[in-house]
1. Please verify whether the stretch 63-78 includes one or more residues that are touching a Ser or Thr at 6+ places or on another chain (Cβ under 8 Å) and either at pLDDT 95 or above or among the charged types (D, E, K, R) (or both).
2. Working only within the stretch 3-33, note down all residues that are modelled with pLDDT of 95 or more and of a type in the set (A, V, I, L, M, F, W, C).
3. I'm trying to understand the selection: among the residues of the stretch 101-139, which are within 24 Å of Glu175 (Cβ to Cβ) and either among the charged types (D, E, K, R) or under 12 Å from the mean Cα position of the chain (by Cα) (or both)?
4. Would it be correct to say that Ala82 is touching a His at 6+ places or on another chain (Cβ under 6 Å) and among the aliphatic types (A, V, I, L, M)?
5. On the basis of being touching a Leu at 6+ places or on another chain (Cβ under 8 Å), acidic (Asp, Glu) and under 30 Å from Ile208 (Cα atoms), does Glu65 make the cut?
6. Would you say Asn199 is at pLDDT 95 or above and in contact with a Lys or Arg (Cβ under 6 Å, 6 or more places away or on another chain)?
7. Looking only at the stretch 69-105, filter to residues that are of a type in the set (S, T, N, Q) and within 23 Å of His127 (Cβ to Cβ); which one of those is surrounded by the most Cβ atoms within 10 Å (Cβ to Cβ)?
Amino acid sequence: MRTAYHEALEGTRLDVVRLGALVGDAIRVSVDALERRDEATGARVVAGDDIIDDLRRKIEAHCIELIWRQQPVAGELREIAAMLEIATDLERVGDYAVEIAKNAIKLADTALRPQKVEIDRIAAVAHGMLLDAMRAYTERDSELATEVIARDDDVDRLYKRSIALLQEEMQRDSELVTSGTRYLFVLTAVERVGDRASNIAWHTKDMIGE
């Protein structure tokens, strides 16, 4: 019976890893759609969110089942709690990808765009944090989790710099207000990806027991 329990636990853990891969790809593709003015790619990200939501619900259901099926020991309970928390954070990152993609679609035919907003740079840092947070979870690497948490300061710094640059451009040219406002939404979504990656790193450390 314990063997079956551990197999179910491992299966759910693999679903969390799969969810992380799906969400990481969604962020990468949505930012790429924005940069390349690719409306079709943005639409694929929006359509793919149902898969992310369904997998998150599957993980949640399996975690609840793991708790009531057999009383988990302390280490198992920490892992199940981490899976629940991480799945929730990952689903929210998927929502941020959708938000970026929707703005990419709306900006696809916009000729006038801000020039100094560092979307690609901040997105690269936040996306890298997410990938490393999931690697820390998969490999139970507390040191890597700690590094991810520290890098959130880099995302915050780039975010504040980009907001300031965007506001300057919008003040100089009123025709940038419409597209600039959408870029504000994108910047906020990307910054929150960094926050969620940091959360995942914290959950990993809690799971490990540090």
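1. No: the stretch 63-78 contains no residue that is touching a Ser or Thr at 6+ places or on another chain (Cβ under 8 Å) and either at pLDDT 95 or above or among the charged types (D, E, K, R) (or both).
2. Across the stretch 3-33, the qualifying residues are Leu14, Val16, Val17, Leu19, Ala21, Leu22, Val23, Ala26, Ile27, Val29, Val31, Ala33.
3. If the condition is that a residue be within 24 Å of Glu175 (Cβ to Cβ) and either among the charged types (D, E, K, R) or under 12 Å from the mean Cα position of the chain (by Cα) (or both), then Lys102, Lys106, Asp109, Arg113, Lys116, Glu118, Asp120 are the ones that fit.
4. Working: touching a His at 6+ places or on another chain (Cβ under 6 Å): yes; among the aliphatic types (A, V, I, L, M): yes.
In short, yes.
5. In short, no.
6. no
7. Checking each candidate, the answer is Asn103.
This table checks each residue for (1) in contact with a helix residue (DSSP H, G or I) (Cβ under 9 Å, 6 or more places away or on another chain); (2) hydrophobic (A, V, I, L, M, F, W, C); (3) touching a residue at least 60 places away in the same chain (Cβ under 8 Å).
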| position | (1), (2), (3) |
| --- | --- |
| Tyr5 | yes, no, yes |
| Ala8 | yes, yes, yes |
| Gly11 | yes, no, no |
| Val23 | yes, yes, yes |
| Ile27 | yes, yes, yes |
| Ser30 | yes, no, yes |
| Ala33 | yes, yes, yes |
| Arg37 | yes, no, yes |
| Ala43 | yes, yes, yes |
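The values are calculated or read from the model by the stated rules, or taken from the named source; none is laboratory data. This one's a predicted model, so the numbers in the text were calculated from it and none came from an experiment. Using ideal geometry, Cβ is built from the backbone for each residue, glycine included, and neighbour counts are taken over all protein chains shown.
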